[in-house]
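The values are calculated or read from the model by the stated rules, or taken from the named source; none is laboratory data. Note that this is a predicted model, so its numbers are computed, not measured. Here the Cβ positions follow ideal geometry from the backbone for every residue, glycine too, while neighbour counts run over all protein chains shown.
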Amino acid sequence: MKVLVTGGAGFIGSAVVRRAIAEGLSIVNVDKLTYAANLDNLRAVVGNPAYAFVHADICDAPAMRRVFAEHQPDAVMHLAAESHVDRSIDAPAAFVEANVVGTTVLLEAASAYLSAASEAVRQRFRFHHISTDEVFGSLSTEGSFSEDSPYKPNSPYSASKAASDMFVRAWGETYGLPIVISNCSNNYGPYQFPEKLIPVVILNAIAGKPIPVYGTGANVRDWLYVDDHAEALLLIVREGDIGETYNVGGHTETSNLTLVRTLCGILDDLLSESQHRPHADLIQFVTDRPGHDLRYAIDATKLQRNLGWVPSVTLAEGLRRTVAWYLDNAWWWQAIRDRGFAGERLGLRRSA
Ligand code: NAD
């Protein structure tokens, strides 16, 4: 099976590519290589004959048509996106361009390819859109998101992902493109760009810098280890039913403050000689994110019942593995720092 993965040089995309290659799939990775991409994430697969890389923007229609014509994929796993909520608050247009326009360009290219493809390819083809639980908006203290929850996105990021979900759905209904959508909770693990909460906490703690917690830290997220997400995605693209949506989550609801304190405890253990212990003393409460969703929780029963997927890594184990990975792989994040990313605060724009 040959899969066209978009955004395969990013955090989740690279986990999907590494796992897919290990499982014997062929991968064509299409990535624009934005600030969030990192070819170091793909060292394990570069040189493997089953892996090909195309440096291209999904908004470039001729380039996307060429990719389909040249590589003749059996499926698309579409992960390419602008993905950081804080950046979407500062510069929403880039999110509309990559996430909405880019998705429709890719849908058009997939449709054109499929209309000229053999019956065998048409039978097995899937267009899998990888989306977020943030499209459902915010929960209060009770309940969880199911596949039937109404869309109520609150940030420019989640609005752009909601829009792209809708376009994918529309291509399925209107043009008969065999689509499947998955909406997942917050991911964490190795190779996550150090602007997201967990790597920010780890790297600031290592350096003895203040650890920022937005607002009071009461916001609740359902964390999923990235390799568990990659496993779920590869299952959905192969076995998911056409036209269906699957929620993916870790059943690990945790407040940001509890999560940060847990990470600090792991760092205290693993860095027993550090002068910055106890790392929790570095926690600093900072101005909240505008429009910060209070709580997300995913009901992933459908994925478990229909495709037999359950997460394999507990939050405690995954966080420990993640901290250990960042401690052991300073070469990876130091290279990002050397390229000029200093971990500055983003996303405080409030004016209309
Ligand atoms: P990421 O920011 O780490 O990676 C995104 C990748 O997409 C990068 O390699 C980037 O270069 C590429 N890209 C961006 N714009 C592009 C364009 N126009 N053309 C080609 N490539 C482009 O993101 P991530 O955290 O790995 O998320 C991947 C996908 O999963 C996104 O669609 C995101 O919405 C979704 N998702 C993420 C999470 C999460 O917790 N990170 C949770 C649920 C869903």
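Values for this structure:
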quantity: Per-region count, the stretch 36-89, residues within 15 Å of the ligand (Cβ to nearest atom), of a type in the set (D, E, K, R) and assigned to a helix (DSSP H, G or I); calculated: 5
quantity: Number of the condition not met by residue 14 [criteria: (1) part of a helix (DSSP H, G or I); (2) in contact with a strand residue (DSSP E or B) (Cβ under 7 Å, 6 or more places away or on another chain)]; calculated: (2)
quantity: When residues of the stretch 186-202 are limited to those that are in contact with a His (Cβ under 9 Å, 6 or more places away or on another chain) and closer than 20 Å to residue 253 by Cα, the one nearest to the ligand (Cβ to nearest atom); calculated: 187
quantity: Every pair of residues 6+ apart whose Cβ atoms lie under 8 Å, when the first sits in the stretch 109-136 and is closer than 16 Å to residue 75 by Cβ and hydroxyl-bearing (Ser, Thr, Tyr) while the second is in a helix (DSSP H, G or I) and away from the ligand (no atom under 16 Å from the Cβ); calculated: 111/171; 111/175; 113/69
quantity: In the stretch 278-306, residue nearest to residue 152 (Cα to Cα) [restricted to those that are touching a helix residue (DSSP H, G or I) at 6+ places or on another chain (Cβ under 9 Å) and among the β-branched types (Val, Ile, Thr)]; calculated: 298
quantity: Checking residue 133 against (1) acidic (Asp, Glu); (2) away from the ligand (no atom under 14 Å from the Cβ); (3) in contact with a Ser or Thr (Cβ under 6 Å, 6 or more places away or on another chain), the condition it does not meet; calculated: (2)
quantity: Single unsatisfied condition, residue 241 versus (1) surrounded by 14 or more Cβ atoms within 10 Å (Cβ to Cβ); (2) touching a strand residue (DSSP E or B) at 6+ places or on another chain (Cβ under 8 Å); calculated: (1)
quantity: Which listed residue is of a type outside the set (Phe, Trp, Tyr), farther than 18 Å from residue 37 by Cα and surrounded by fewer than 19 Cβ atoms within 10 Å (Cβ to Cβ), from 75, 91; calculated: 91
quantity: Candidates 5, 101, 28 - the one that is farther than 17 Å from residue 195 by Cα and assigned to a helix (DSSP H, G or I); calculated: 101
quantity: When residues of the stretch 174-183 are limited to those that are touching a residue at least 12 places away in the same chain (Cβ under 8 Å) and of a type outside the set (Ser, Thr, Tyr), the one surrounded by the fewest Cβ atoms within 10 Å (Cβ to Cβ); calculated: 178
quantity: Index of the failed condition, residue 213 passing every other in (1) surrounded by 19 or more Cβ atoms within 10 Å (Cβ to Cβ); (2) within 16 Å of the ligand (Cβ to nearest atom); calculated: (2)
quantity: Given (1) surrounded by 15 or more Cβ atoms within 10 Å (Cβ to Cβ); (2) closer than 18 Å to residue 76 by Cβ, number of the condition residue 154 does not satisfy; calculated: (2)
quantity: Residue within the stretch 12-21 that is within 27 Å of residue 122 (Cβ to Cβ), more than 12 Å from the ligand (Cβ to nearest atom), basic (Lys, Arg) and at pLDDT 95 or above present; calculated: yes
quantity: Residue 108 being surrounded by fewer than 20 Cβ atoms within 10 Å (Cβ to Cβ) and away from the ligand (no atom under 15 Å from the Cβ); calculated: no
quantity: Conditions (1) within 14 Å of the ligand (Cβ to nearest atom); (2) among the charged types (D, E, K, R); (3) under 25 Å from residue 286 (Cβ atoms); number of the one not met by residue 227; calculated: (3)
quantity: The stretch 111-137, residues that are charged (D, E, K, R), farther than 12 Å from residue 160 by Cβ, in contact with a helix residue (DSSP H, G or I) (Cβ under 8 Å, 6 or more places away or on another chain) and surrounded by 17 or more Cβ atoms within 10 Å (Cβ to Cβ); calculated: 126
